[in-house]
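See structure below.
The values are calculated or read from the model by the stated rules, or taken from the named source; none is laboratory data. Treat the numbers as computed from the prediction; the structure is a model and nothing was measured. Here the Cβ positions follow ideal geometry from the backbone for every residue, glycine too, while neighbour counts run over all protein chains shown. Accessible surface areas use protein heavy atoms only, side chains included; no ligands, DNA or RNA. Shrake-Rupley method; radii C 1.70, N 1.55, O 1.52, S 1.80 Å.
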Amino acid sequence: MPAQVQAQAQAQAQAQAQAQAAAPAAPAAIPAAIPAAAPAAATATATAPPAAAPNAAKVPAPQGLYLARQGQSSLAQLEVWFFNGPRFVQGPRAATLGAGGAFDFARAETQSVGSTGTLALDGDRMTLSGPARPATSARVDPLPSSSCFRWNEGLFCPAPRFAAGARLQGAFASAPAGNAPAVRAVFMPDGSYELVRTTPAAAGSGRAAQSVRERGRYDIDGNVLRLRPAAGAPTALTLVPFDDGTPGPAPRRLFFGGVVLARE
């Protein structure tokens, strides 16, 4: 009997291995997850990081578009940064993200949401400075087994890109955020979309909630989403797909022109 039981167990294990091998592999384009915020204790010590040692290892300069999460903020409060050599832009608009990953720094200097400036690396310390911001210097802490890094209490991760002509399918919505308008976007693989922006009712004013519905066609190129509504002027938004660790089809969330949407 023990030999028979052992043979049955071996047969079951072999069948499970064959089933796993036959299962389709996960798509390679699934975006990397945004790691959780640092614990409070680690954040507190990061406000005044020690100076880099004379022989501190030099960290590579960030390059390209990044998703940034500050301190203990939630995934609903992300922003984008763009780095290229000694220059950076905080909050670049989609109009500055050209086709194929090109970037218009001259345009970004007048259209960015945040600030622009230059960066300097000295060992493991990075200093950012610009016309509209004081110089800020802090240690760069790369995350193990990741392309993300921590700097000045912020977490920076390379922004995943869509392939040119990519399509989305499904509904995505923003989380409630006080008096901020709620956003819900539905994308279809045929290139059509529906976008609803709802302004919540104002307490004590007697004003009811108001919704504006928009339908049209969309195109995606890298991190740029171009919307062509059936009525109205076309618009372009910065679009970044990313994973939040929840089960289900990718992407789980979208950075959608400054608002984070979660898949419904």
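Among the residues of the stretch 80-89, is any closer than 21 Å to Pro241 by Cβ, in contact with a Gly (Cβ under 7 Å, 6 or more places away or on another chain) and loosely packed, with under 14 Cβ neighbours inside 10 Å? Looking for residues that are closer than 21 Å to Pro241 by Cβ, in contact with a Gly (Cβ under 7 Å, 6 or more places away or on another chain) and loosely packed, with under 14 Cβ neighbours inside 10 Å, one finds none in the stretch 80-89, hence no.
The residue that is nearest to the chain's Cα centre (by Cα), among those in the stretch 211-225 that are modelled with pLDDT of 95 or more and of a type in the set (D, E, K, R), is Asp219.
Residue-by-condition table, conditions (1) modelled with pLDDT under 90; (2) assigned to a helix (DSSP H, G or I):
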{"position": "Val59", "(1), (2)": "yes, no"}
{"position": "Pro62", "(1), (2)": "no, no"}
{"position": "Leu67", "(1), (2)": "no, no"}
{"position": "Ser73", "(1), (2)": "yes, no"}
{"position": "Ala76", "(1), (2)": "yes, no"}
{"position": "Phe82", "(1), (2)": "no, no"}
{"position": "Val89", "(1), (2)": "no, no"}
{"position": "Ala95", "(1), (2)": "yes, yes"}
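Taking the stretch 241-264 as the search range and keeping residues that are in a strand (DSSP E or B) and in contact with an Asp or Glu (Cβ under 8 Å, 6 or more places away or on another chain), which one is least open to solvent (accessible area, probe 1.4 Å)? Residue satisfying both the conditions and the ranking: Ala262.
A search for C-beta distances below 6 Å between a residue of the stretch 206-223 that is free of Cβ contacts under 8 Å to residues at least 24 places away in the same chain and any residue that is buried (at least 16 other Cβ atoms within 10 Å of the Cβ) and not in a strand (DSSP E or B), counting only pairs 6+ apart in sequence or on different chains, returns Ala209/Pro200. Contact annotation: residue pairs with Cβ atoms under 7 Å, 6 or more positions apart or on different chains, pairing a residue in the stretch 187-200 that is of a type in the set (D, E, K, R) with a partner that is open to solvent by 30 Å² or more (accessible area, probe 1.4 Å) and outside any strand (DSSP E or B), are Arg197/Pro181.
Is it the case that some residue within the stretch 230-240 is open to solvent by less than 50 Å² (accessible area, probe 1.4 Å) and more than 30 Å from Phe156 (Cα to Cα)? The answer is no; no qualifying residue exists.
The set of residues in the stretch 106-117 that are under 16 Å from Phe83 (Cβ atoms) and either part of a helix (DSSP H, G or I) or modelled with pLDDT of 95 or more (or both) comprises Ala108, Glu109.
Answer yes or no: is there a residue in the stretch 195-210 that is crowded, with 19+ Cβ neighbours inside 10 Å and either modelled with pLDDT under 95 or farther than 25 Å from Gln90 by Cβ (or both). Yes - at least one qualifying residue is present in the stretch 195-210.
If you take the residues of the stretch 134-153 that are without any contact (Cβ under 8 Å) to a residue 40 or more places away in the chain and either assigned to a strand (DSSP E or B) or under 15 Å from Tyr66 (Cα atoms) (or both), which of them is most open to solvent (accessible area, probe 1.4 Å)? This residue is Pro134. Being of a type outside the set (A, V, I, L, M, F, W, C) and either over 27 Å from Gly64 (Cα atoms) or touching a residue at least 60 places away in the same chain (Cβ under 8 Å) (or both) is true of Pro229. Among the residues of this structure, Phe172 counts as one that is open to solvent by less than 40 Å² (accessible area, probe 1.4 Å), within 21 Å of Gly248 (Cα to Cα) and in contact with a Lys or Arg (Cβ under 6 Å, 6 or more places away or on another chain).
Each residue in the stretch 178-194 was checked for being surrounded by 15 or more Cβ atoms within 10 Å (Cβ to Cβ) and over 22 Å from Gly248 (Cβ atoms), and 2 of them qualify.
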